[in-house]
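The values are calculated or read from the model by the stated rules, or taken from the named source; none is laboratory data. Quantities reported herein were computed from a predicted structural model and do not represent experimental measurements. Here the Cβ positions follow ideal geometry from the backbone for every residue, glycine too, while neighbour counts run over all protein chains shown.
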């Protein structure tokens, strides 16, 4: 990218790559079309999108034809980091440390530590961890550094995320909407069933895969307006514990809001042996124990 600032043509190329990979991996045709139309709109734009984002004019992105909040967020991430976490995921590059290192105050060591300890892979996931206290538990992150990360992310994330901050300061951010646990568990069931049956396209993750084996099934689906991408966890911790074919990571997006959840098999308690969403165990317990 020229002078560290992507041109409109380079941004459009990324959007087209995303569209091509989504299509190859059997994603929703409407989603594929949205990225193709967005790429065309970016190529035809008269203003530099990178300059618009750099000047804090991210809202203007959504005034371009075919650019909604979701695509505006992807474009903003490309401008700030030179990469797209969605494209990385689709290509089998699940090394979020390469993304986090672009956040001011986070070097390579801390970026790897976040990825291994928290298992977050997006800037939105990092933002949530900074606000809910998980980031403070990672070695090297005191209160001042966490605050600095929050401030940096406020400038790097989509305009939708910035609007949330204008409605509440650090530590009092409005609770973001999440899919119901029954929806997440249903997507998890479908993914594991189809993966076991060999019905899904597979990608070759670049981490922990020196031979370049194409082994990681990937699934795209949609529920109630949420777009989901499901994959088995390919993190260092999943490999260390032998859970690469048990832990399922679900990335979800709707109206430009992106986040993720991890579904695992519970190992103790009243729902031992059942699938639960990490961080939402109480909801899963109520779901399983509710009367028929």
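Working carefully through the options 67, 114, find the one that is within 28 Å of residue 48 (Cα to Cα) and either touching a strand residue (DSSP E or B) at 6+ places or on another chain (Cβ under 9 Å) or modelled with pLDDT of 85 or more (or both). Steps first, answer last, please.
Working: 114 fails: within 28 Å of residue 48 (Cα to Cα).
Answer to the selection: 67.
Does the stretch 91-100 contain any residue that is in contact with a helix residue (DSSP H, G or I) (Cβ under 7 Å, 6 or more places away or on another chain) and farther than 25 Å from residue 210 by Cα?
There is no residue in the stretch 91-100 that is in contact with a helix residue (DSSP H, G or I) (Cβ under 7 Å, 6 or more places away or on another chain) and farther than 25 Å from residue 210 by Cα.
Which members of the stretch 105-122 meet the condition of being part of a loop (DSSP other than H, G, I, E, B) and closer than 29 Å to residue 16 by Cα?
The initial filter retains those residues of the stretch 105-122 that are part of a loop (DSSP other than H, G, I, E, B), namely 105-107, 119-122.
119, 120, 121, 122, listed by residue number.
Mind checking which residues of the stretch 9-35 are surrounded by fewer than 19 Cβ atoms within 10 Å (Cβ to Cβ) and either part of a helix (DSSP H, G or I) or outside the structural domain of residue 82 (by TED's automatic domain parsing) (or both)?
Start the filter on the stretch 9-35 by keeping residues that are surrounded by fewer than 19 Cβ atoms within 10 Å (Cβ to Cβ), which leaves 9-10, 13, 16-17, 20, 23-26, 28-31, 33.
Residues satisfying the conditions are 9, 10, 13, 16, 17, 20, 23, 24, 29, 30, 31, 33.
Which of the following residues is surrounded by 17 or more Cβ atoms within 10 Å (Cβ to Cβ) and free of Cβ contacts under 8 Å to residues at least 40 places away in the same chain: 210, 205, 270, 217? Don't jump to the end; show me each part of the working.
Working: 210 fails: surrounded by 17 or more Cβ atoms within 10 Å (Cβ to Cβ); 205 fails: free of Cβ contacts under 8 Å to residues at least 40 places away in the same chain; 270 fails: surrounded by 17 or more Cβ atoms within 10 Å (Cβ to Cβ).
Matching residue, one of 210, 205, 270, 217: 217.
Among the residues of the stretch 132-160, write down those that are assigned to a helix (DSSP H, G or I), touching a helix residue (DSSP H, G or I) at 6+ places or on another chain (Cβ under 7 Å) and surrounded by 15 or more Cβ atoms within 10 Å (Cβ to Cβ).
135, 146, 149, 150, 153, 154, 156, 159, 160
What are the residues in the stretch 186-199 that are crowded, with 19+ Cβ neighbours inside 10 Å and touching a residue at least 40 places away in the same chain (Cβ under 8 Å), if any? Steps first, answer last, please.
So in the stretch 186-199, the residues crowded, with 19+ Cβ neighbours inside 10 Å come out as 187-188, 191-192, 195.
Hits for the stretch 186-199 are 187, 188, 191, 192.
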